[in-house]
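Here, each number is a calculation from the coordinates, and none is a lab measurement. Bear in mind that the values here come from a model prediction, so they are computed numbers and not experimental data. When we count neighbours, we look across all protein chains shown, and the Cβ atoms used for this are built from the backbone with ideal geometry, even at glycine.
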Amino acid sequence: MCQRGNAQSVDFYLRKRLCNPCRKQHWIKVDSSLLKLHPTLHQDVVDACLTTNYTPSQTTMMWPGSKNYAFLPDVQDISSKLRELEEEDAIDLEYKSLGYSLASEAGNSPGRSHRSHRTRTSSAANDDSKDDGSEGDDSEDDDRASDSRSAGGDDQEGGTRVEKFLKERKVLRSSAIKDAKLLTPAYRKLKMLTKLEKTTIKRDEQTEGWSRRRAIEAKVLALDEGYTRNDFAGAWYKSKITTSAEPLTNEVWDEIKPKVIKLLARIKAQQEQAEVINDQQTRQRALRPRYDKLRETQPNDDARASLPLFADFLELESVKPFWESEDADSMDDDAWQENLEGLLEEIDDYRLSVRLHAVKTILNATTEIAEEDLTGDADEFGPEQYDDDFLERPTSFLVCTLPNCRRKKSWSRRLDGTYLRVPERTVFFGSLADLLKHQHECHPNVTFTNKQLAQRSKNGVVGHFALPPAVVSALSALIEVGELEDDTATAEELEKVTTPYSSLKGRWDEIRDRITWLDWENSPSGKRYSRDWRELIGDVIKQDEKATKSKRLLEVPTIALRGRQIDREERARERKSKKKKSKKRGPHPWDYSDDE
């Protein structure tokens with residue numbers, strides 16, 4: 001069981017109760033790629049660890065899958081145990097071979113041959129030999145027997161320590177599977193019965209709570225203090241004061257009456273605040289035509305893309321007076337024209353701030369410049385120091401952080417009965433100019449809560465982008481695989497790193513050796529292979545989001561270029577390297593280490 005107190009997921013195959021973050025962080029797939037992804041593990045650990053068919057997102061309330069998974073800390077402990085036993089077996093083997101060598105030398109020595117053929121001349125001599133040397137000879141013989149037993153004891157008792165441990169683990173694995181097949185259905189049934197019982201109790205309590213709430217409403221209306229049925233909203237239906245199953249007697253009413261009045265006052269204040277927000281949103285929507293007209297007056301597409309989104313446009317100091325206060329008039333043309341010049345200046349400042357924030361984000365992620373050294377203004381990090389070519393490099397690409405940027409493929413039904421296909425969309429990753437165009441095209445109507453706006457203002461965040469460390473590491477690995485330079489690599493050169501099937505023409509047997517793809521070797525998901533670099537970066541962004549959500553760190557991506565011809569050449573190099581190492585090794589195990 002993990003150290004969290006709220007661990008709810010029990011897995012009888014692993015005999016553990018774990019929380020969801022532990023499952024997502026330490027779940028590993030047990031297959032042929034396990035030792036390749038975790039090269040430090042012992043080669044026999046697959047046969048010794050407990051496995052389960054449940055994925056990290058599954059619980060025992062679901063049907064298991066067909067693939068095997070294990071808990072990484074347990075696997076590492078078993079691997080360490082196997083290595084300890086392996087070292088002990090190696091020591092025993094060394095002592096055994098050393099004992100045989102000494103015994104052989106002692107058996108062929110002249111002194112031992114002379115003693116073995118010596119005759120006893122008399123009983124007195126025999127008695128003297130018993131008194132003087134028989135005790136030493138017996139102890140020497142006992143020591144030899146003890147050494148012989150210790151050296152060869154493993155063989156006599158049925159194998160080495162590693163073999164015994166694997167046999168014990170095999171029995172334990174069989175027992176765990178047998179027990180899990182019996183306990184899992186029983187546990188599932190128990191959970192369902194418990195849930196049914198709780199649902200029944202909750203339904204009865206709700207029925208009693210409805211009666212209590214209606215009685216409280218009648219007493220509140222009878223107070224004749226200006227309350228209406230419209231005041232019974234929101235928290236009124238969720239508060240324990242009104243939903244309790246306790247009968248409403250006169251004594252109970254006298255006790256809860258002050259709390260009820262306080263609750264109604266809070267609900268009324270929330271309703272008034274909601275009315276203010278609704279009025280503000282109405283005035284904000286009235287400013288949309290002015291925003292669209294401002295976009296149309298921009299000289300080119302780049303200027304239109306660099307405008308703030310409508311949600312950011314409303315937060316400009318020149319625009320707030322037209323919607324923030326109750327007396328604001330968003331339709332006042334004269335006031336808008338008077339304010340237009342100041343608005344255009346503020347938009348120019350916004351553009352410069354977005355570019356400045358993008359440069360600082362890139363430098364913070366890709367260089368070793370300290371964060372306190374990135375507090376300069378446009379004179380230090382402006383276009384003269386970091387021009388457009390700097391922002392167009394793949395190492396300066398940014399990730400869109402607006403909500404719902406990733407979209408699954410779906411179908412929506414039209415009113416006429418036909419269906420509209422909504423294509424799949426991954427999280428955008430590209431240069432600053434392309435990212436701003438993407439946000440205007442795909443997120444024109446994004447909105448933010450007051451809490452989100454206050455947090456952005458507090459952190460001084462301008463723009464909606466980021467550059468996660470995992471993406472930077474993946475890009476560096478891609479550039480290394482393509483044998484490119486960080487400062488000069490372009491997106492077109494990264495496209496040429498792989499040769500997908502769609503770019504080749506000819507018969508399959510002619511082109512299959514030329515097809516290459518990217519392999520994310522330590523990917524935490526089942527998807528490892530990508531056709532091009534953009535697909536790979538999309539996978540890295542997705543896994544980084546999952547890791548952040550589950551509060552775990554993503555390993556530095558290890559990326560390799562794969563293909564039939566490349567794999568053949570790699571296997572040939574490995575065979576050649578093994579042959580060279582085998583020639584350097586001596587005849588005995590202690591002549592070389594396991595790392596060689």
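For the reader, a short list of remarks on this structure follows.
- Kirkwood-type hydrodynamic radius, the stretch 313-361: 12.0 Å, calculated from all non-identical alpha-carbon pairs.
- The stretch 518-532 and the stretch 469-504: distance between their alpha carbon centers, rounded to Å: 15 Å
- Rounded to the nearest 20 debye, dipole of the chain from Cβ charges on Lys, Arg, Asp, Glu: 4100 debye
- Crossing angle, helix 161-222 versus the chain [Cα axis fit, 0-90 degrees, rounded to tens]: 20 degrees
- Taken about its Cα centre, the stretch 319-437 carries a charge dipole of roughly 1900 debye when the Cβ of each Lys and Arg holds +1 and the Cβ of each Asp and Glu holds -1.
- Neighbour-count ranking [beta-carbon atoms within 10 angstrom, fewest first] of ASP387, ASP47: ASP387, ASP47
- Estimated distance in nm for a label pair at LEU183 and GLU168, the labels positioned 7 Å out from Cα along Cα-to-Cβ: 2.0 nm
- About its Cα centre, the dipole of the stretch 450-563 is roughly 940 debye, where the only charges are +1 on Lys and Arg Cβ and -1 on Asp and Glu Cβ.
- Cα centroid separation, the stretch 333-358 to the stretch 168-246 (Å): 53 Å
- Hydrodynamic radius by Kirkwood, which averages 1/r over all alpha carbon pairs of the stretch 364-410, in angstrom: 13.5 Å
- A Förster radius of 56 Å combined with the Cβ-Cβ distance from THR447 to SER577 puts the calculated FRET efficiency at roughly 0.40.
- Ranked from largest, the principal axis spans of the Cα set of the stretch 301-465 equal 59, 45, 32 Å.
- Convex hull of alpha carbon positions in the stretch 24-71: directionally averaged projected area 3.5 nm².
- Computed from the alpha carbon atoms alone, the convex hull of the stretch 469-567 holds 99 Å³ per residue.
- Violating pairs (Cα-Cα greater than 22 angstrom) within the set LYS408/LYS546; LYS24/LYS81; LYS360/LYS546: LYS24/LYS81; LYS360/LYS546
- Helix-only arithmetic for the chain: the sum of -39500 (n - 2.57) across DSSP H runs with n ≥ 4, divided by the residue total, places the mean residue ellipticity at 222 nm at -18000 deg cm²/dmol.
- Positive-end residue of THR243, ALA489, ILE177, charge dipole of the chain with Cβ unit charges: ILE177
- Arranged from fewest to most other beta-carbon atoms within 10 Å of their beta carbon, VAL10, VAL540 become VAL10, VAL540.
- Range of Cα positions in the stretch 201-298 per principal axis (Å), largest first: 70, 35, 16
- For the chain, projected area of the alpha-carbon convex hull averaged over all directions, nm²: 52.9 nm²
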